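Colleague: Take this structure, written in structure tokens, and hold onto it; I'll ask about it next.
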Amino acid sequence: MTAPAQDRPAAGPAQVRASTGTLPIGSDADLAWVRQQVRRTAAGLGFGLVLQTKLVTAASELARNTLLHGGGGQLDIGTLGGERARGVRLVFTDTGPGIPDVERAMRDGYSTGGGLGLGLSGARRLVHEFAIETEPGRGTTVTVVVRDPALPC
């Protein structure tokens with residue numbers, strides 16, 4: 001798989017403290033459930049309202065892309081850190097057609113669904129780490145990480 005739209009490396013498995021669950025993404029109802037569970041996870045870690053909102057907004061867009069463009073998939077939610085969790089890692093996976101031109105898809109204004117074209121690029125701006133792996137015909141995985149700067153490292 002390729003990772004041309006990687007800004008900063010998303011947290012690897014050694015940094016994930018715990019998985020809080022895997023959620024299916026196969027319907028509009030699942031999108032609402034994803035938003036609720038991401039907010040619950042962030043709030044449970046003590047994230048402030050602004051950081052919660054940024055994370056939920058990014059998660060909502062990425063879940064929607066997983067459903068609409070990837071044909072459905074799943075979200076794995078994990079917390080980061082040592083004894084005290086300091087962040088959230090979200091991994092969206094689908095087995096859809098993949099993204100043929102990631103660089104183009106990451107540009108503001110580019111849309112295949114008739115929207116404003118701020119989905120992937122907007123999600124990238126809302127999180128601390130963003131990585132995308134895709135291969136045409138084999139699906140896409142987007143990993144994002146948000147850390148709460150108010151929590152100790």
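Bear in mind these aren't lab numbers, they're just calculated from the coordinates by the rules spelled out. The model shown is predicted, which means the values in this text are computed figures rather than measured ones. Positions of Cβ are generated from backbone atoms using ideal geometry, with glycine treated the same way; all protein chains shown enter the neighbour counts.
Colleague: Given a Förster radius of 35 Å and the C-beta distance between Gln36 and Arg138 as r, what FRET efficiency does 1/(1 + (r/R0)^6) yield to the nearest 0.05?
Modeller: Taking R0 as 35 Å, the efficiency between Gln36 and Arg138 is 0.70.
Colleague: Out of residues 5 or more away from Glu129 or on other chains, whose amide H comes under 5 Å of its own, with H placed 1.01 Å from N in the peptide plane?
Modeller: Val145
Colleague: In sequence order, what are the phi-derived ³J(HN,Hα) couplings for the range 137-150 according to the Karplus relation 6.51 cos²θ - 1.76 cosθ + 1.60 with θ = phi - 60°, rounded to whole Hz, with x for glycine and proline?
Modeller: x, 10, x, 9, 10, 10, 10, 10, 9, 10, 10, 8, x, 7
Colleague: Mind listing the phi-derived Karplus ³J(HN,Hα) values for the range 26-40, rounded to whole Hz, using 6.51, -1.76 and 1.60 with θ = phi - 60°, and x for any glycine or proline?
Modeller: x, 7, 4, 4, 5, 4, 5, 5, 4, 4, 5, 6, 5, 4, 4
Colleague: On full extension of the chain, what length is gained from Leu49 through Leu68, given 0.36 nm per residue of separation minus the C-alpha to C-alpha distance?
Modeller: Working it through step by step, the gained length comes to 4.0 nm.
Colleague: Give the long-range amide H neighbours of Thr20: residues separated by 5 or more places, or on another chain, with amide H under 5 Å away, using H modelled in the peptide plane at 1.01 Å from N.
Modeller: Ile77, Gly78, Thr79
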